[in-house]
Amino acid sequence: MLSEKRYNDFMNLRALVRKNIFNLEPYSCARDEFQGEASVYLDANESPYNSPYNRYPDPLQRSLKEKIAKIKGVRAEQILIGNGSDESIDLTFRVFCEPSVDNVVAMEPTYGMYKVCADINNVEYRKVALEDGFKLRSTKVLDAVDEYTKVIFLCSPNNPTGNLMDKAEILKILTDFGGIIAIDEAYIDFAGCSGWLPKLDKYPNLVIYQTFSKAWGLSSMRCGLAFAREEIIVLFNKVKYPYNISSLTQNAVSEQLSKGDEQKNCWVEQILAERRPLIDMLRQMKIVKEIYHSDANFILIKVVDANKIYEYLTQKGIIVRNRSRVSLCDDCLRITVGTPDENHALVEALKTYL
C-alpha cells in the first residue's frame, strides 16, 4: 500500500506524463523474459557462433547498475544508463512533453542538445538569459513557465560557461515548480561539491544527468546516467530502445568501476592543478579580454577576435571550441584543460599570435 505522500507523488507524476506513454505496453525482449544463466540459449534468434559477441546484452544493465549505485550512493532502481547523456535528455522529452502542445524552459547559454531534442520532438523551447557573470535568476526562469511547461533544464556546472549555478536559486525552482526539473551535472566531479544527487529522494520531480565521459575518461564508451525516483526510471525504461548499451560498453565501464574511483579522482586533481596556471598564463595576454570563473574541466575566455584566433590555432594544429556564435558569448573561446604539454603548446602558440 502506497503512503499518502507516495500516492500523491504518483498522481502528480501521472499528470505530467504523456498519456500514451503512461499507458504504453513496452516491447518485451528475450532478455527481459529470461534473466539468469543457462547452458543453452535458443530464445533470441542469435547466432550460436562467435561467442561472446553473438549474445544480446542485458537490456537493463543490472550488474553495472549495482556497481554504479554503490559509488553514487543511490539505489540501482533509481538509475537509467543511456547512450551518452543525450539519450536521457531525449527520453525526458519523449516521456513528458506532448509535441506541439507542451514546452520546456532552459537557461541561455547552455548545452545545445536541449534545444536540438526540443526541435526533434516538436516541443517549444523557451530560453531564459543568464545574468551578468552567467548567473541564474530563479524568478526569471519561473516567470517563463506556464500551464504547458513540463520540464526546466538546468546545467550546473554550465556548458559553455563553466560555472556552478547558485544553490539557493536552484532550490527556489525545485520548490516552486510542479513539473520536472532536470539538472545536468556532466562536470560535477570538477566542482568540489556533491551536487544534487544526495537530495534525490527529497524531490520527487528531480532528474539528474551525469556521465562517464568527462572525469572518468570514457567518452568513447558512450555511457551516460540519469538518476530519478523509481517511477520515472520505469517510464524511461519503457521508452528506451531494448538493447541501448552494448556488452562492450557495459564490460568496459564495469571494469573501470571495479578499480574504484581512485584513478578518476587522481585525474580530476591533475586537471584542476593544471587549470589554475593555465588561467594565470592566459590572463597575462593582451589578446585575452576576460576569463570567466570555471568549476569545470574547461574555461571560457573572451578574446579580441575569436574567429581569427580560432583559425590561427587550427593552423598550428591546436583545436579549441569557438563559441562566439552562442548567445552572450561574443568573441569567446572554450578551452578544455589538457595535459601540461598540451596546455604549454596552446600558450606558446597564443604568444606568437599577431
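The values are calculated or read from the model by the stated rules, or taken from the named source; none is laboratory data. Everything quoted here is computed from the prediction, not taken from an experiment. Using ideal geometry, Cβ is built from the backbone for each residue, glycine included, and neighbour counts are taken over all protein chains shown.
The table for this structure:
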item: Some residue of the range 157-164 being in contact (Cβ under 8 Å) with a residue 40 or more places away in the chain and closer than 23 Å to PHE236 by Cβ; result: yes
item: First in the range 62-81 and over 20 Å from ARG222 (Cβ atoms), second anywhere and part of a strand (DSSP E or B), Cβ under 6 Å, 6 or more apart; result: VAL74/PHE227; GLN78/PHE227
item: Some residue of the range 235-243 being at pLDDT 95 or above and of a type in the set (S, T, N, Q); result: yes
item: Every residue from the range 304-354 that is closer than 16 Å to MET281 by Cα, outside any helix (DSSP H, G or I) and over 26 Å from the mean Cα position of the chain (by Cα); result: THR352, TYR353
item: Residue in the range 252-261 that is within 21 Å of the chain's Cα centre (by Cα) and part of a loop (DSSP other than H, G, I, E, B) present; result: yes
item: Output for the range 215-232, where each listed residue is within 17 Å of the chain's Cα centre (by Cα) and assigned to a helix (DSSP H, G or I); result: SER219, SER220, MET221, ILE232
item: Test: GLU147 is assigned to a loop (DSSP other than H, G, I, E, B), touching a helix residue (DSSP H, G or I) at 6+ places or on another chain (Cβ under 9 Å), at pLDDT 95 or above and farther than 30 Å from VAL337 by Cα; result: no
item: Qualifying positions in the range 97-116 - within 25 Å of TYR187 (Cα to Cα) and either surrounded by 22 or more Cβ atoms within 10 Å (Cβ to Cβ) or out of contact with any helix residue (DSSP H, G or I) (no Cβ under 6 Å at 6 or more places or on another chain) (or both); result: VAL104, VAL105, ALA106, MET107, GLU108, PRO109, THR110, TYR111, GLY112, TYR114, LYS115, VAL116
item: Check on TYR41, in contact (Cβ under 8 Å) with a residue 60 or more places away in the chain and of a type in the set (Phe, Trp, Tyr); result: no
item: Lone qualifier among LEU248, LEU235, LEU174 - being in the same structural domain as ALA144 (by TED's automatic domain parsing), part of a helix (DSSP H, G or I) and in contact with a strand residue (DSSP E or B) (Cβ under 8 Å, 6 or more places away or on another chain); result: LEU174
item: Filter result for the condition that a residue is of a type in the set (Ser, Thr, Tyr) and outside any loop (DSSP other than H, G, I, E, B), over SER28, SER47, SER63, SER51; result: SER63
